[in-house]
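Notes to accompany the following structure.
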Amino acid sequence: MRRFTNLQMDLLRTFVTVVDLRNFTETGRALGRTQPAISLQIKRLEEVAGVKLLSDSRKKIELTADGQVLLGYAREILRLNDRAAASLQRTKLLGTLRIGLPIDYSIEYFQRIIGEFSSANPQVLLDIRCSRSRDLLAALDVDDLDMVVSITDVVPAPHLSLYWSERPVWACAQEYRIDPGSMVRIIAHPEGCFYRKGMVEALEVEGRDWRVSFESPGISALQKAVLTGMGVTALTSKTLLPGMRILTPEDGFPKLANIHVGLFYKHINMSDAALKLVEQITEGVSAFQSPMQARAG
């Protein structure tokens, strides 16, 4: 008979909190325990799991490869446990949720999910911030936001709960003329955008000349610039609009690298309302992608 390992909930909660707060003492304060007690719980979890989860570095908290594997599962186990407990206790969803959405991704899709959540839970106040992915992650890191949907070029990444990958495509207006020998006019977000980086790298590998002809932080402005024939850009399937066409290697545009999009949060800061919204976002993502549980936090 197969022997099952019981990963105790309190040990998993301590493990996730240590990784999120990056400090044993802060974790002790957050969970109402002493720093030595937190260290003992991590040691106990490692004994039960049979692997080392955190490195021996004294300067900062670092996950081992096995720790990265466990972290994604631990976040999901805790989320399901806490949502189940809240449902059984008929917990009323209250409070304020501070949510970050990326202007460089399909923001309308997540607005719809959040709108449905708001309609079903009118007692929950929503504070939504739309900005660049890297700025949203910085705000989450200092607790200015509770949860963030963000593009990332690092997987695994701190506070990452769920991620999925998409391959952007080159897009231009339906009647836009492509001259293989001419300079490529790029429509892009400002410097630091993952789409922009991908376009530039792909063109430079091919030895193609390029220049940015239109720049805007908002995706709707980029879409309009494409439709008016100002150049080409990189979009995902959800941000392609009628009147656009996809450019392929046959048109002289090499395939673009995948982008990773993730749901980020610190479990210790999550209310019942926040975990319910995470559940709805997870279900929504599952409807159009095959989400992968992150292996780091």
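Before moving on, here are some points about what is shown:
- Each Lys and Arg adds +1 at its Cβ and each Asp and Glu adds -1 at its Cβ; summed about the Cα centre, the stretch 53-93 shows a dipole of about 320 debye.
- Nearest-ten-degree value, helix 194-206 long axis tilted from longest Cα axis of the chain: 50 degrees
- Cα-based helix-to-principal-axis angle, 107-120 vs the chain, degrees rounded to 10: 40 degrees
- Only beta bridges with both residues in the chain are counted; by DSSP, about 60 percent of them are antiparallel.
- Sorting 13-20, 225-232, 69-76 by their mean Cβ neighbour count within 10 Å, with the most densely packed peptide first, gives 13-20, 69-76, 225-232.
- Ordering 42, 200, 23 by the projection of their Cα atoms onto the charge dipole of the chain, which places +1 on the Cβ of Lys and Arg and -1 on the Cβ of Asp and Glu, puts 42 at the extreme positive end.
- Diffusion coefficient, µm² s⁻¹, Stokes-Einstein with Kirkwood Rh over alpha-carbon pairs of the chain at 25 °C and 0.890 mPa s: 116 µm²/s
- Each residue of the stretch 220-232 was assigned a 3J(HN,Hα) from its phi angle through the Karplus expression (A = 6.51, B = -1.76, C = 1.60, θ = phi - 60°), giving 5, 5, 5, 4, 5, 5, 5, 5, 8, x, 7, x, 10 Hz with x at Gly and Pro.
- For the stretch 157-215, diffusion coefficient by Stokes-Einstein and Kirkwood Rh (Cα), 25 °C, 0.890 mPa s, µm²/s: 181 µm²/s
- Lys, Arg +1 and Asp, Glu -1 on Cβ, resulting dipole of the stretch 103-180 about Cα centre, debye, nearest 20: 180 debye
- Selection from 165, 285, 260 lying farthest towards where the dipole of the chain points positive, charges on Cβ: 285
- Site pair residue 228 and residue 141 shows an inter-label distance of 3.6 nm when each label is modelled 7 Å from Cα along Cα→Cβ.
- Of the peptides 86-96, 151-161, the order by per-residue mean of other Cβ atoms within 10 Å, starting with the highest, comes out as 151-161, 86-96.
- Within the stretch 99-188, the GluC sites (Glu not before Pro) that combine a DSSP coil assignment with at most 15 other C-beta atoms in a 10 angstrom radius are 175.
- Whether the stretch 21-61 is rounded, prolate or oblate, judged on the alpha carbon gyration tensor where a/c under 1.5 counts as rounded: oblate
- If R0 is 41 Å, the Cβ-Cβ spacing of residue 48 and residue 108 corresponds to a FRET efficiency of close to 0.40.
- Contact order relative to length of the chain, as percent, for alpha carbon pairs under 8 angstrom and 6 or more apart: 25 percent
- Dividing the summed -39500 (n - 2.57) terms of all DSSP H runs of n ≥ 4 by the residue count of the chain sets its mean residue ellipticity at 222 nm at -13000 deg cm²/dmol.
- Length gained when the stretch residue 167-residue 286 is fully extended (0.36 nm per residue, less Cα-Cα span): 41.2 nm
- Nearest 10 degrees, 0 to 90: helix 65-88 Cα axis against the chain principal axis: 70 degrees
- In the structure shown, the pairs 255/276; 197/266; 60/276; 60/266 are assessed against 26 Å; a Cα-Cα span above that value is assigned to 255/276; 197/266; 60/276.
- Inter-site label distance for residue 179 and residue 94 at 7 Å from Cα along Cβ, in nm: 6.7 nm
Just so you know, all these numbers are worked out from the coordinates, no wet-lab data involved. Bear in mind that the values here come from a model prediction, so they are computed numbers and not experimental data. Neighbour counts are summed over all protein chains in view; Cβ atoms, including those assigned to glycine, are modelled from backbone coordinates with ideal geometry.
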